[in-house]
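Take a look at the structure set out below.
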Amino acid sequence: MNLVINEEEKSKKIKERIKKYHNGIWFLMIFLIPLGFFLYLSRYVGYGSFQLSVNVNYSNDTQYANISWNYLLQIIFLGPILGVIFYILMKKLLSKVDINERKNQIMIFAIEIGVVVLIILNCMGHFSHLGFEIVNAIDSTHGIALNSEYKEMFIYAWFMDEWFGHTLIHITYFGYLIIALVAEQLLDEEKPIMIDELVLIIFFSLGYSVIDGYAAIQGESGFILLLLHLIATIVTITFIAFKKVNPLKYPLLLTLLISTIFVVLYNLYWIIKFGINPLYPFYSGNLS
């Protein structure tokens, strides 16, 4: 009987502890966990394909193309649906800001505009990447398409997929963290981060470093994301020093600092293992 009571008390204490997590911890959990789930669900689970039928001006017959459902699901899940989740999270975060202060009202207005712009750009990035990946003959033929008479069209498709699409996706995902971090600074966080929260922050920092390190390098945008992390970290450290901010009270700020360490280490590992290229993107997933 006492064992049952102790278990119930323990469970109750855990639930109460979780409820007291910092806002930034909840943001990271509700954003990154669905991101990982959507990525697995839409990319690594096979759904077959559907047939696209169109009437082309240059033919009297209906033309057909098989399109993988995974492309469509990635565009929907990783773009607009995750964007809606991010929007709701930001509205929830901003609702905790004291709007009686004039400067906070201006910042909230600017942040809300930034959130909408980032979501739109992110959706554009996914559409560009996944829409053009289907016809990215340079990658699918491992460069043989560069010898084709349609070389210029293939280069355009490669650019829209690999450079424009991937870069826009990774920059906006990084922008999600930065704009949430800015919103977090408007909150009156009094309590320090506890050890269990710190463990979660390190875990989520690793997750963000995979997005901005490994995945960004594979997507030809590793160098840009490395620069963005370094610049944001330098600005953040300067802000901490001048404003006397305690980073141990702000999970999102701490996530940026820790994830930058992992991003730098992974980029260094990749350069040491595969070397660099004199042309942009300087080191690439294609080198492997």
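Descriptive notes on the structure:
- Condition met for S128 (of a type in the set (S, T, Y) and surrounded by fewer than 16 Cβ atoms within 10 Å (Cβ to Cβ)): no
- Residues that are under 30 Å from W158 (Cβ atoms), touching a helix residue (DSSP H, G or I) at 6+ places or on another chain (Cβ under 7 Å), crowded, with 19+ Cβ neighbours inside 10 Å and not basic (K, R) are absent from the range 233-240.
- Residue within the range 199-213 that is open to solvent by 50 Å² or more (accessible area, probe 1.4 Å), within 22 Å of S284 (Cβ to Cβ) and modelled with pLDDT of 90 or more present: yes
- Set side by side, the residues P251, P281, P247 differ, and just one is surrounded by 15 or more Cβ atoms within 10 Å (Cβ to Cβ), within 20 Å of the chain's Cα centre (by Cα) and closer than 30 Å to K191 by Cβ, which is P251.
- Checking each residue in the range 254-269 for being touching a Phe, Trp or Tyr at 6+ places or on another chain (Cβ under 7 Å) and buried (at least 21 other Cβ atoms within 10 Å of the Cβ) picks out T255, S259.
- Test for L227: is it surrounded by fewer than 19 Cβ atoms within 10 Å (Cβ to Cβ) and farther than 25 Å from A183 by Cα: no
- Residues in the range 49-92 that are more than 30 Å from G175 (Cβ to Cβ) and charged (D, E, K, R): D61 alone.
- Residues in the range 200-227 that are more than 16 Å from G175 (Cβ to Cβ) and of a type in the set (D, E, K, R): 1 in all.
- Number of the condition not met by Y87 [criteria: (1) within 25 Å of V54 (Cα to Cα); (2) open to solvent by 70 Å² or more (accessible area, probe 1.4 Å)]: (1)
- For the range 56-111, the set of residues classified as part of a loop (DSSP other than H, G, I, E, B) and without any contact (Cβ under 8 Å) to a residue 12 or more places away in the chain consists of V56, N57, Y58, S59, N60, D61, S95, I99, N100, E101, listed by residue number.
- Yes/no for I155 being open to solvent by 70 Å² or more (accessible area, probe 1.4 Å), within 21 Å of N277 (Cβ to Cβ), modelled with pLDDT under 95 and of a type outside the set (F, W, Y): yes
- For the range 242-260, a residue qualifies if it is under 17 Å from I178 (Cβ atoms) and hydrophobic (A, V, I, L, M, F, W, C), and the qualifying residues are V245, L252, L253, L254, L256, L257, I258.
- Of all residues in the range 241-264, those satisfying the criterion of being more than 22 Å from M29 (Cα to Cα) and without any contact (Cβ under 8 Å) to a residue 12 or more places away in the chain are A241, F242, K243, K244.
- So H166, is it closer than 17 Å to A216 by Cβ, in contact (Cβ under 8 Å) with a residue 40 or more places away in the chain, open to solvent by 20 Å² or more (accessible area, probe 1.4 Å) and part of a helix (DSSP H, G or I): yes
- Here G219 does not qualify as more than 17 Å from L32 (Cβ to Cβ), free of Cβ contacts under 8 Å to residues at least 40 places away in the same chain and either among the small types (G, A, S) or in contact with a Gly (Cβ under 7 Å, 6 or more places away or on another chain) (or both).
The values are calculated or read from the model by the stated rules, or taken from the named source; none is laboratory data. The model shown is predicted, which means the values in this text are computed figures rather than measured ones. Methodologically, a virtual Cβ is constructed for each residue, glycine included, from the backbone with ideal geometry; neighbour enumeration extends over all protein chains shown. Surface accessibility is based on the protein's heavy atoms, side chains included, excluding ligands, DNA and RNA. Shrake-Rupley method; radii C 1.70, N 1.55, O 1.52, S 1.80 Å.
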